[in-house]
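For reference, the structure discussed in these notes is given below.
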Amino acid sequence: MSGAITVRVPAKVNVQLAVGAARPDGFHDLANVFLAVGLHDTVTATPADALRITAEGHDVDRIPLDRTNLAARAAELLAARHGIAPDVHLHITKDIPVAGGMAGGSADAAGALMACDTLWSTGSSREELLDICAELGSDVPFSLVGGAALGRGRGELLTPLAVGGTFHWVFAVAPGGLSTPAVYGEFDRLTADTHVPEPEASPELLAALRDGDATALAATLANGLQPAALSLRPELTATLKAGTDAGALAALVSGSGPTTAYLVEDAQAAEKVAQALLASGTCRAVRVADSPARGATVL
Ligand code: C5P
């Protein structure tokens, strides 16, 4: 047990997020088409006397540095399974927007898990790692595997998907974050008097991904949490419009928000849309990234 292990983990955007009715356990069954995008956090694990977390980068003042951080829980769960003490220093370098609907917290958890498994030589199988990921949170398994995948159940039951090309994205970072439970709660409130159908993946969307066809993907992007996110943050409507006015093929809220995502034709269109979004004054920052991206990777 020595040295330092660094793992790089991608953000995600949900190109389809079909949300079913609330289950008895409070979670919602999903047809969740995850796509990993090339914005990354890194997690470095080094031996220490006790579990400790430090962080640097964007908005780190908004992430907990105690044991409530999902990365700390990842180390504790792995250690508990192997009957060892979770004595590790985890240093997180944040580039994924915090509480933005891009699975930044989940990415850090998946990164910490892989870093500790390597540092401690606990030699977990892929299945064991995925099992711990699912215990940590609905989006954590996808952060581990990356690429593109369909998530069923509460999002943790993954089927890998083929992606036939590179998709180009712009992301508009909104001020503040949105709480995922609050957005699901608003979804429940908005759908209380309606029949919520069983969530199903769109065959057209899966074909667009497989073909690498951005125009077809733009026509099928769908986020069932978007009405709830916009209900809580109505000002995001203007951000979405600024992106489509600037030529984005399509715009949607990323996951539970408040980051918004813009699918564009190519790198040149990405620059144009990014500049227009910044100039519109309707967001705090913009990021440009391609997809798909690799899952958690030891550097
Ligand atoms: O699984 P995770 O801890 O990330 O979920 C955070 C919260 O988001 C849950 O407590 C629940 O309120 C909501 N959620 C949900 N249905 C899902 C995933 C998350 O209602 N499929």
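The values are calculated or read from the model by the stated rules, or taken from the named source; none is laboratory data. Small disclaimer: the values here were computed from a predicted structure and weren't measured. FYI the Cβ positions are ideal-geometry reconstructions off the backbone, even for glycines, and counts take in every protein chain you see. Surface areas here come from the heavy atoms of the whole protein model, side chains and all, with no ligands, DNA or RNA. Shrake-Rupley method; radii C 1.70, N 1.55, O 1.52, S 1.80 Å.
How do the pairs read when you match residues in the range 274-299 that are under 30 Å from THR46 (Cα atoms) with residues anywhere that are hydroxyl-bearing (Ser, Thr, Tyr) and part of a strand (DSSP E or B), using Cβ under 6 Å and keeping only pairs 6 or more apart or on different chains?
So the pair list comes out as LEU299/THR6.
Taking the conditions exactly as written (under 15 Å from ALA112 (Cα atoms), touching a strand residue (DSSP E or B) at 6+ places or on another chain (Cβ under 7 Å) and within 16 Å of the ligand (Cβ to nearest atom)), does ASN69 satisfy them or not?
When the stated conditions are applied, ASN69 passes them.
I need a count of the residues in the range 255-292 that are in contact with a Lys or Arg (Cβ under 9 Å, 6 or more places away or on another chain) and open to solvent by 10 Å² or more (accessible area, probe 1.4 Å).
2
If THR180 meets every condition in (1) at negative phi; (2) open to solvent by less than 20 Å² (accessible area, probe 1.4 Å); (3) within 15 Å of the chain's Cα centre (by Cα) apart from one, which number is that one?
Of (1) at negative phi; (2) open to solvent by less than 20 Å² (accessible area, probe 1.4 Å); (3) within 15 Å of the chain's Cα centre (by Cα), only one is false for THR180: (2).
How many of the residues in the range 1-47 are within 30 Å of TRP120 (Cβ to Cβ), within 16 Å of the ligand (Cβ to nearest atom) and aliphatic (A, V, I, L, M)?
2
Answer with yes or no whether ARG62 is surrounded by fewer than 21 Cβ atoms within 10 Å (Cβ to Cβ) and away from the ligand (no atom under 16 Å from the Cβ).
yes
Would you kindly identify the strands (runs of 3 or more DSSP E) lying entirely within the range 101-191 that contain at least 1 residues that are in contact (Cβ under 8 Å) with a residue 24 or more places away in the chain, hydrophobic (A, V, I, L, M, F, W, C) and within 30 Å of GLY281 (Cα to Cα)?
167-173
Listed residues ALA50, ALA55; which is more than 14 Å from the ligand (Cβ to nearest atom), open to solvent by 10 Å² or more (accessible area, probe 1.4 Å), of a type in the set (A, V, I, L, M) and in a strand (DSSP E or B)?
Just one listed residue meets the conditions, ALA55.
Could you please find all residues in the range 81-121 being among the basic types (Lys, Arg) and closer than 25 Å to PRO292 by Cα?
LYS94 - this is the single residue of the range 81-121 that is among the basic types (Lys, Arg) and closer than 25 Å to PRO292 by Cα.
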